[in-house]
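The structure appears right after this line, and notes come after that.
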Protein chains: 2
Amino acid sequence: MTAPMFERVALIGFGLIGSSLAHVLRRDQSARVIVACARTQATLDTVKRLGLADEFTLDPAVAARGADLVVIAAPHSAYREIAARIESVLAPGAILTDVGSVKGAAVRDLQPHVPPGVHLIPGHPVAGTEYSGPEAGFAEMFAGRWCILTPVPGTDAAALDRITRLWLSAGMKVEVMSADHHDMVLAMTSHLPHLIAYTIVGTATDLGESLKSEIIKFSAGGFRDFTRIASSDPVMWRDVFLSNREAVLEILQRFTEDLTALQRAIRWGEGATLEDRFARTRAIRRSIIEANQA
Amino acid sequence: MTAPMFERVALIGFGLIGSSLAHVLRRDQSARVIVACARTQATLDTVKRLGLADEFTLDPAVAARGADLVVIAAPHSAYREIAARIESVLAPGAILTDVGSVKGAAVRDLQPHVPPGVHLIPGHPVAGTEYSGPEAGFAEMFAGRWCILTPVPGTDAAALDRITRLWLSAGMKVEVMSADHHDMVLAMTSHLPHLIAYTIVGTATDLGESLKSEIIKFSAGGFRDFTRIASSDPVMWRDVFLSNREAVLEILQRFTEDLTALQRAIRWGEGATLEDRFARTRAIRRSIIEANQA
């Protein structure tokens with residue numbers, strides 16, 4: 001039997017992503033020891049019951065001590081505090097990574113707390129479901145999806161290779177890019193769609209009780225797809241918008257201009273404009289199907 | 001063997017809905033004769049190959065002559081011309097219905113052409129996929145979904161009962177409401193979601209070629225759900241927005257206000273506002289799941 005990829009993996013945060021990663025580590029026996037760190041004892045009890053870790057602690061410093069891989073899988077607003085807590089216990093040669101949806105702010109908040117000899121390699125596995133919490137995780141969630149790594153300039157190649165192999169073992173394809181570029185691409189493909197979905201479901205909710213039962217009944221016409229997206233974890237998404245503010249506002253502005261143009265076409269009965277805009281969006285759907293991301 | 005529900009059914013328009021209904025009629029032997037009417041010979045050839053009709057014509061009047069059920073399943077912009085063409089051949093006692101997504105305009109465009117003794121009962125089976133055309137249809141598409149009928153005041157009860165039984169046989173649940181009420185509910189649950197989806201996919205497309213391949217790669221973060229909705233038939237959707245203009249603009253205005261409020265919260269870093277808005281949308285998702293419409 002070959003040695004496991006990691007001796008001691010500290011998973012700080014045990015929601016959908018953290019627990020799914022634990023399933024992968026367990027399945028592949030990629031970690032000799034998995035340490036679970038969560039904000040509440042209830043979460044730790046659940047992780048224990050699920051058999052997803054070997055050690056359990058509420059203290060990030062206890063979890064990170066002696067770990068050769070530390071994965072922050074908590075909402076972004078917790079990053080600074082976690083980083084400050086683990087700073088003094090991170091071992092030379094250890095890899096510190098995260099799984100958050102915003103990477104520029106991850107570098108900004110974590111980097112000052114990374115001691116010399118520790119490798120900070122922010123990461124973002126672009127995968128998920130609308131469910132949250134440690135019981136929502138499953139090993140196959142990552143399969144066939146992309147993981148984006150945003151190493152800072154000068155990152156150790158061997159460390160980058162180790163974290164790459166971890167995500168490959170989860171079935172992901174791995175791409176490396178700058179944190180800023182990541183944040184712009186994801187603002188378009190993920191953050192704006194979630195903001196829109198939350199908004200439209202909120203608009204429907206505000207129509208009042210008398211219409212609500214009908215909206216639920218007839219949701220198959222398109223609305224229900226938005227409700228699925230809009231049932232993602234509120235705290236995580238609050239943090240995404242606060243930490244990727246610039247890119248989200250930039251993409252949102254473009255979206256609003258485009259929507260206003262369509263609104264005007266509807267008001268003035270400009271059918272040709274509408275048909276033209278609607279027809280051109282089909283090509284991108286075909287490309288997604290061809291890229292096996294549908 | 002019991003008699004079929006209808007002697008002669010004219011299906012005018014053979015896209016996703018028309019062909020799916022033909023599958024239902026065939027499966028249940030609910031029509032002694034199915035007449036297919038389409039705009040092009042190519043569509044008729046496809047319908048013939050699929051065995052979905054017994055007679056074939058490019059002329060709505062030929063199709064409707066002697067039919068006890070006439071179903072208009074064409075884009076809304078064709079309604080007036082079709083109605084004018086079939087007006088003189090509609091038999092007393094016949095039922096004229098449609099399957100369009102906008103009902104106020106359907107009544108407005110069809111009613112003037114309905115001879116005395118013919119029963120106009122507009123309908124909207126709220127079901128579909130992102131695919132179009134006669135080959136996209138399948139009998140099970142309607143199963144478990146709602147069909148909304150919007151009979152005008154004074155509609156013959158027996159005729160309403162017959163068209164109700166047709167959709168029940170397709171596995172649908174049937175609800176009756178006014179055309180105006182239908183148009184407001186559907187503006188929220190279907191028309192606005194499609195407009196938003198078309199817009200966001202268009203915004204992404206305009207980001208240019210360099211970003212496009214990355215947007216396709218990382219579409220799993222939410223964007224791909226929008227591309228599916230935005231690949232629906234452009235002509236049909238152009239007609240929906242033109243014919244349900246008032247209700248769409250009203251709902252769109254509310255949506256824009258809500259989006260602007262969230263934009264402001266992002267700009268000013270108001271995390272509590274964001275989390276509060278995001279948390280309240282989960283309840284409606286649970287209701288949809290409980291209503292078996294997920």
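Candidates B:L207, B:L186, B:L160: the one that is facing chain A (nearest Cβ under 8 Å) and surrounded by fewer than 20 Cβ atoms within 10 Å (Cβ to Cβ) is B:L207.
For the stretch B:102-131, a tally of residues being surrounded by 20 or more Cβ atoms within 10 Å (Cβ to Cβ), within 14 Å of chain A (Cβ to nearest Cβ) and not hydrophobic (A, V, I, L, M, F, W, C) returns 5.
Note on the stretch B:1-30: residues that are surrounded by 24 or more Cβ atoms within 10 Å (Cβ to Cβ) and either part of a strand (DSSP E or B) or in the same structural domain as B:D233 (by TED's automatic domain parsing) (or both) total 4.
Looking for something at the interface with chain B (Cβ under 7 Å from one of its Cβ atoms), more than 18 Å from B:S231 (Cα to Cα) and in contact (Cβ under 8 Å) with a residue 60 or more places away in the chain - is there at least one such residue anywhere in the stretch A:211-228? Yes, the stretch A:211-228 contains a residue that is at the interface with chain B (Cβ under 7 Å from one of its Cβ atoms), more than 18 Å from B:S231 (Cα to Cα) and in contact (Cβ under 8 Å) with a residue 60 or more places away in the chain. Can you find a residue that is within 14 Å of chain B (Cβ to nearest Cβ) and in contact with a Gly (Cβ under 6 Å, 6 or more places away or on another chain) anywhere in the stretch A:80-92? Checked the stretch A:80-92: no residue is within 14 Å of chain B (Cβ to nearest Cβ) and in contact with a Gly (Cβ under 6 Å, 6 or more places away or on another chain). For the stretch B:44-94, the set of residues classified as among the hydroxyl-bearing types (S, T, Y) and within 22 Å of the chain's Cα centre (by Cα) consists of B:T46, B:S77, B:Y79, listed by residue number. Filtered by the rule that a residue be in a helix (DSSP H, G or I), of a type in the set (A, V, I, L, M, F, W, C) and touching a strand residue (DSSP E or B) at 6+ places or on another chain (Cβ under 8 Å), the stretch A:179-220 gives A:L186, A:A220. For the stretch B:211-228, taking the residues that are farther than 10 Å from A:S190 by Cβ and modelled with pLDDT under 85, the one that is surrounded by the fewest Cβ atoms within 10 Å (Cβ to Cβ) is identified as B:S213. Of the helices (runs of 4 or more DSSP H) that lie entirely inside the stretch A:233-294, those containing 1 or more residues that are surrounded by fewer than 20 Cβ atoms within 10 Å (Cβ to Cβ), more than 7 Å from chain B (Cβ to nearest Cβ) and touching a residue at least 24 places away in the same chain (Cβ under 8 Å) span A:245-267. Is it the case, given these coordinates, that B:R39 is at pLDDT 95 or above, surrounded by fewer than 24 Cβ atoms within 10 Å (Cβ to Cβ) and under 18 Å from B:L96 (Cα atoms)? No; evaluated as a whole, the condition is false for this residue. Considering (1) closer than 24 Å to A:I216 by Cβ; (2) at the interface with chain A (Cβ under 7 Å from one of its Cβ atoms); (3) buried (at least 24 other Cβ atoms within 10 Å of the Cβ), the lone condition that B:W146 does not fulfil carries the number (3). When each of B:P134, B:P151 is tested for being buried (at least 21 other Cβ atoms within 10 Å of the Cβ) and farther than 24 Å from B:S232 by Cα, the lone residue that passes is B:P151. Across the stretch B:147-170, the qualifying residues are those that are out of contact with any Pro (no Cβ under 8 Å at 6 or more places or on another chain) and in contact (Cβ under 8 Å) with a residue 60 or more places away in the chain, and the one among them that is nearest to B:E250 (Cα to Cα) is B:I163.
Taking B:D45, is it at negative phi, assigned by TED's automatic domain parsing to the domain that holds B:S101 and free of Cβ contacts under 8 Å to residues at least 12 places away in the same chain? Considered against the rule, which asks whether it is at negative phi, assigned by TED's automatic domain parsing to the domain that holds B:S101 and free of Cβ contacts under 8 Å to residues at least 12 places away in the same chain, B:D45 comes out as yes.
The values are calculated or read from the model by the stated rules, or taken from the named source; none is laboratory data. Keep in mind that what you see is a predicted model, and the values were worked out from it rather than measured. Quick reminder, even Gly has a Cβ in these numbers, built from the backbone with ideal geometry, and neighbours come from all protein chains shown.
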